[in-house]
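As structure tokens, the structure follows; a few thoughts come after it.
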Amino acid sequence: MLIISTLAVKNKFFTALSQQIELSVWLTPNKIPSDEKTISSMTAQYLEKNDTVLIISKYGNRTPADFPKICLNNFLVSVVYYQSHDDILKWITAIKQYQNNSPRQVLVLGMLKPFYVKWANKIYNSLKISKYTEDKITRHLPDVTTNIELAEKLSSGCLMAIYVGHGRSRGWSGYRGFRWNHVVRFIQKQPIGSMISLSCSSLSQDKEESVPLGIKWVMDGRNCVFLGSIAAVKIKPLEEITNILLEVITSVEVQRMDQLIFKMNDKIEQLNNPEINLIWSSFRLVGNPIQAI
């Protein structure tokens, strides 16, 4: 994995991060790049096919919308954001705690509308049949779970949580509105490994100085990696992307987030469908790109 950050970040966190993630190169340019051309030219000599690039960037200077799509040429781009250096330490600590505890529970979450309930049940059944035994995967839909109860459940940590439904920068529309104020009522007992939000705008900046929910999860050390969109998404192409996600994630050889994304990207490119390509291009990855799934 190649990392790009400021020199101050490298000096402070090189040892701690290298103990959790295998690093190949750590670059410290004068200015953190966000455009496709600069990132590609800066990293080309160091990368091979299916390598990963992790960029550590101060939030506000750069938001997810400033960075290119997840798969850039033959490598994957993930970003870790911080407002203070303590945020980076919280994230590194979360990775360490996850590796020490390795929670195995998978949570399927969704909005209480017939279409999304059906969608959530499809995800639940696909994962249960193929990869995760029944005692390791649970549904927490709003007909039986309140926003407070969901926050408490997530605070216990899990291998992976997947949400389907409406969403925006400040939170999920399901559960009569799931917001950060629900999350912070509870101490995070164990970190969440991976969180996938199949919704609109979970990584968009909807007002000045706002920090999207997806970034807050990682920045606060509650979640190791978050996959979500920077924009509004159309339901039909997002449903097709979900079908591809389920096809790939249930494969035995797919064990990490980067493997999932590379294989999904290949299949989406093969479809050559402009609508699906457009929605997929709005997705970004925040956090540890090699997190177990």
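Please compute the length gained on full extension between Asn181 and Asn50, using 0.36 nm multiplied by the number of residues separating them and subtracting their Cα-Cα distance.
43.4 nm
Write down the percent of antiparallel bridges among all DSSP beta bridges whose residues are both part of segment 102-287, to the nearest 5.
30
Straight distance only, please: which aspartates and glutamates reach the Cα of Lys153 with their own Cα at less than 20 Å, same-chain residues fewer than 8 apart left out?
Glu134, Asp135, Asp143, Asp220
Please list, ordered by chain and number, the residues whose modelled amide H lies under 5 Å from the amide H of Leu76; skip anything fewer than 5 residues away on the same chain.
Asp51, Thr52, Val53
From the P(r) of segment 2-98, could you give the percentage of C-alpha pairs in the tail past 23 Å?
Of all Cα-Cα distances in segment 2-98, 21 percent exceed 23 Å.
What list of ³J(HN,Hα) values in whole Hz, one per residue of segment 253-260 in order, does the Karplus curve 6.51 cos²θ - 1.76 cosθ + 1.60 (θ = phi - 60°) give from phi, with Gly and Pro shown as x?
With coefficients 6.51, -1.76 and 1.60, one gets 6, 8, 10, 9, 4, 5, 5, 4 Hz.
Which is the longest run of the chain containing none of the GluC sites (Glu not before Pro) found in DSSP loop states (not H, G, I, E, B) with at most 15 other C-beta atoms within 10 Å?
With GluC sites (Glu not before Pro) excluded where exposed in loops, the chain gives 49-207 as its longest stretch.
Would you list which lysines come within 19 Å of Lys131, measuring only between C-alpha atoms, while excluding same-chain residues fewer than 8 positions from it?
Qualifying lysines at Cα under 19 Å: Lys122, Lys263.
If you average the alpha carbon positions of segment 242-268 and of segment 42-85, how far apart do those two centres end up, in angstrom?
20
Could you tell me the calculated FRET efficiency between Glu275 and Lys58, based on Cβ-Cβ distance and R0 = 45 angstrom, to the nearest 0.05?
0.85
Exceeding 32 Å between C-alpha atoms, which entries from my cross-link table qualify? They are Lys49/Lys189; Lys69/Lys236; Lys58/Lys234.
With Cα atoms farther than 32 Å apart: Lys49/Lys189.
Rank the residues Val184, Val144 as a footprinting-exposure proxy: fewest other Cβ atoms within 10 Å of their Cβ go first.
So the ranking, lowest neighbour count to highest, is Val144, Val184.
Tell me, what is the percent relative contact order of segment 95-245, built from C-alpha pairs under 8 Å that lie six or more residues apart?
22
Any read-out appearing in this document is the output of simple, stated calculations on the displayed coordinates, not a laboratory observation. All values reported here derive from a predicted model rather than from experimental measurement. When we count neighbours, we look across all protein chains shown, and the Cβ atoms used for this are built from the backbone with ideal geometry, even at glycine.
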